[in-house]
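Q: Have a look at the structure that comes next, please.
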Amino acid sequence: LRSLVLVLGDQLDLQAAAFDDFDPATDAAWMAEVAEESRHVWSSKPRTAVFLAAMRHFASALQAAGRPLHYRRLDDPANAGSLAAQLRADLQRLRPARLVMTAPGDWRVLQALKDVAEESGLPLDVREDRHFFVTVREFAAHARGRKSLRMEFFYREQRQRHQVLMRDGQPEGGQWNFDADNRESFGAAGPGLVPPRLGFEPDAVTGEVIALVNARFASHPGRLQGFAWPVTREQALQALQDFVGHRLPLFGRYQDAMWPGEPWLYHSHIAAALNLKLLTPREVVAAAEAAFHAGDAPLASVEGFIRQILGWREYVRGIYWTRMPRYAELNALEAHEPLPAWYWTGATDMACLRDALTQTLDHGYAHHIQRLMVTGLYALMLGVQPQQVHAWYLAVYVDAVEWVELPNTLGMSQYADGGLMASKPYVATGKYIQRMSPYCKGCRYDPAQRVGERACPFTTLYWDFLMRHEAWLAGNPRMVLQVKNVARLTEAERDAIAERAAAIRRGEVGAA
Ligand code: FAD
Ligand code: SF4
């Protein structure tokens, strides 16, 4: 064997750089399903099932393309349990002259595989991941010499460089950003009939994976009853078309809105397909831009969507790979509370959190505002240790891969990087949730109250957060208003807020 091409669960792309010089006569691909990848965080059943189902379908695609493959199944009695151990065992048997792989998405996995290559005395050729618009080196060059990093400038550079939504050197519509036109709530009338998402009935291969995950990871969080995720490239392309044709036109307007029992709304639900590399960001951006040019979707929606992919997604990857491994340990706000146990079950009496957690466990999905302004916001203001918050987000979502999850959680949501990702901590009272959804109407708490039996825990914790970080926040020009308000509190008001916040932290408030 000349080259053994290592293919990880989030590298399911026949065109990946690792296959550039692949010769079926002398080379072979290698894939392994290992329990360690579901255990290093307590991976939910939907997340594990998406990965394994997509891997097994990709194995068939490799075989159909005539590429020899060594594939180790999770239920194989000889399974060594971790990527490193499995590779070590298989190298003894296969004796390749070298190892080839596309750059992985996880720092931890890269180190583990490098170590195995070194122990075995084999050269490991790690190739650029062409899936992305921007290489890590290009990002590092962009970041060099800048005092602060802001996504907006990075995004504008990418629009110009890749000529996306540009006209005669200017941004389409004369503006880079249409946020002001987006972000409405559904109002009292509600969302009405939302175009249903395209679900994919599990085939025999996926059915087998679902049974395996239910048996092998029975105690893990989440449920598989409604499993309908795309797990092949063909399905992922159909999911993309379905979004562009039916939901993209209203994506921007309702990007931040929430509605009870409506997990899918006008979002694309393609993050997992993208992160597993079943879709390329180039084809996703091109499809959205084409819808604008064809007059099928308004510019504000299309720009808002493209910003997520060409802007945020590339930006967080750059942050991750230029800041690891230290980034994972940051805790700028010195937060040390444990994550409430009900994050893993949904057993809380707070209506907004209960719905966000329940759909997360049912589907492995919640949209951005639910992650940032419901589950993330609560953990931030409660003061949960950011590494525990990170372990939760990495475990529960079907689209969770560390390079994208960690900067979003630790940086954007928990402010643990001290302001690298976000210019200020995202803190708000329950009134934000009241504005964006009808949850508060059906809740035992009242977002307008910060103390007392009916005080909304978000509202109490908001004031408590400002009090706890008052001196430090005073130095942030974007927090001036909030800091002024907290300065007006009397001693008695402060004591009452701190007391109620302590009761919340003791678990006397919030658990169902
Ligand atoms: P849409 O709302 O339809 O957005 C379109 C696409 O844009 C997404 O599919 C995704 O690829 C990309 N995108 C949107 N926002 C971001 C962002 N902030 N960073 C990077 N890409 C973005 N996204 C993940 O892919 N994996 C994660 O593990 C993940 N963890 C997150 C954790 C927290 C605390 C927060 C606040 C956000 C996280 N996100 C993560 C970003 C975002 O919430 C999800 O990408 C999005 O909700 C996925 O749903 P969708 O495909 O319907 O996205
Ligand atoms: Fe959530 Fe508070 Fe509103 Fe209840 S009152 S739904 S806890 S924001």
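The values are calculated or read from the model by the stated rules, or taken from the named source; none is laboratory data. All figures in this text were calculated on a predicted structure; none of them were measured in a lab. FYI the Cβ positions are ideal-geometry reconstructions off the backbone, even for glycines, and counts take in every protein chain you see.
Q: Inspect segment 42-50 for any residue being within 20 Å of residue 272 (Cβ to Cβ) and of a type in the set (Lys, Arg) and give the result as yes or no.
A: Scanning segment 42-50, I find at least one residue that is within 20 Å of residue 272 (Cβ to Cβ) and of a type in the set (Lys, Arg), so the answer is yes.
Q: Something else about it: Please tell me if residue 434 is over 30 Å from residue 38 (Cα atoms), within 16 Å of ligand 2 (Cβ to nearest atom) and either surrounded by fewer than 23 Cβ atoms within 10 Å (Cβ to Cβ) or not charged (D, E, K, R) (or both).
A: Working: over 30 Å from residue 38 (Cα atoms): yes; within 16 Å of ligand 2 (Cβ to nearest atom): yes; either surrounded by fewer than 23 Cβ atoms within 10 Å (Cβ to Cβ) or not charged (D, E, K, R) (or both): yes.
In short, yes.
Q: How many residues does segment 363-412 hold that are away from ligand 2 (no atom under 16 Å from the Cβ), farther than 22 Å from residue 39 by Cβ and assigned to a helix (DSSP H, G or I)?
A: Final tally of qualifying residues: 5.
Here's the yes/no breakdown for (1) over 22 Å from residue 186 (Cα atoms); (2) away from ligand 2 (no atom under 16 Å from the Cβ):
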{"residue": "236", "(1), (2)": "yes, yes"}
{"residue": "247", "(1), (2)": "no, yes"}
{"residue": "250", "(1), (2)": "no, yes"}
{"residue": "261", "(1), (2)": "no, no"}
{"residue": "291", "(1), (2)": "yes, yes"}
{"residue": "294", "(1), (2)": "yes, yes"}
{"residue": "304", "(1), (2)": "no, yes"}
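Q: Could I ask something else about it? Against the definition (among the β-branched types (Val, Ile, Thr), at pLDDT 95 or above and assigned to a helix (DSSP H, G or I)), how does residue 231 come out, yes or no?
A: The answer is no for residue 231.
Q: When the residues of segment 414-441 are filtered to those that are among the β-branched types (Val, Ile, Thr) and in a loop (DSSP other than H, G, I, E, B), which remaining residue is nearest to residue 390 (Cα to Cα)?
A: Checked segment 414-441; the qualifying residue nearest to residue 390 (Cα to Cα) is 427.
Q: Can you tell me which of 197, 247, 233 is in contact with an Asp or Glu (Cβ under 8 Å, 6 or more places away or on another chain) and of a type in the set (Lys, Arg)?
A: Going through 197, 247, 233 in turn, the sole match is 197.
Q: Take the conditions touching a Pro at 6+ places or on another chain (Cβ under 8 Å), more than 9 Å from ligand 1 (Cβ to nearest atom) and outside the structural domain of residue 44 (by TED's automatic domain parsing) and apply them to residue 434. Does it pass? So that I can check it myself, show each step before the final result.
A: Values: touching a Pro at 6+ places or on another chain (Cβ under 8 Å): yes; more than 9 Å from ligand 1 (Cβ to nearest atom): yes; outside the structural domain of residue 44 (by TED's automatic domain parsing): yes.
Spelling it out, residue 434 is indeed touching a Pro at 6+ places or on another chain (Cβ under 8 Å), more than 9 Å from ligand 1 (Cβ to nearest atom) and outside the structural domain of residue 44 (by TED's automatic domain parsing).
Q: Looking at (1) without any contact (Cβ under 8 Å) to a residue 12 or more places away in the chain; (2) assigned to a helix (DSSP H, G or I), which is the only condition residue 241 fails?
A: (1)
Q: On the given criteria, is residue 435 of a type in the set (D, E, K, R) and modelled with pLDDT of 95 or more?
A: Here the answer is yes, as residue 435 does meet what is asked.
Q: Suppose we filter 247, 253, 216, 233 for residues that are charged (D, E, K, R), within 20 Å of residue 394 (Cα to Cα) and over 19 Å from the mean Cα position of the chain (by Cα); which single one remains?
A: 216
Q: Okay, next question. Checking residue 326 against (1) free of Cβ contacts under 8 Å to residues at least 24 places away in the same chain; (2) of a type in the set (Lys, Arg); (3) within 24 Å of residue 229 (Cβ to Cβ), which test does it fail?
A: Unmet condition: (3).
Let's see how each residue does on (1) at pLDDT 95 or above; (2) surrounded by fewer than 21 Cβ atoms within 10 Å (Cβ to Cβ); (3) within 12 Å of ligand 1 (Cβ to nearest atom); (4) assigned to a helix (DSSP H, G or I):
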residue	(1), (2), (3), (4)
256	yes, no, yes, no
304	yes, no, yes, yes
319	yes, no, yes, yes
332	yes, yes, no, no
335	yes, no, no, no
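Q: Moving on to the next point. Which count do you get for residues in segment 384-420 that are within 12 Å of ligand 1 (Cβ to nearest atom), out of contact with any Leu (no Cβ under 8 Å at 6 or more places or on another chain) and more than 30 Å from residue 261 (Cβ to Cβ)?
A: The number of residues fulfilling the criteria is 2.
Q: Filter segment 290-348 for residues that are more than 30 Å from residue 388 (Cβ to Cβ) and among the β-branched types (Val, Ile, Thr); which is farthest from the chain's Cα centre (by Cα)?
A: Residue satisfying both the conditions and the ranking: 302.
Listed here are the residues, each with its yes/no results for (1) crowded, with 17+ Cβ neighbours inside 10 Å; (2) outside any helix (DSSP H, G or I).
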residue	(1), (2)
137	no, no
140	no, no
155	yes, no
187	no, yes
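Q: Hey, could you check segment 274-286 for residues that are surrounded by 19 or more Cβ atoms within 10 Å (Cβ to Cβ) and more than 8 Å from ligand 1 (Cβ to nearest atom) and say which is farthest from residue 422 (Cα to Cα)?
A: Residue satisfying both the conditions and the ranking: 278.
Q: Before we move on, is residue 368 within 12 Å of ligand 1 (Cβ to nearest atom), closer than 30 Å to residue 475 by Cβ, modelled with pLDDT of 95 or more and in the same structural domain as residue 497 (by TED's automatic domain parsing)?
A: When the stated conditions are applied, residue 368 passes them.
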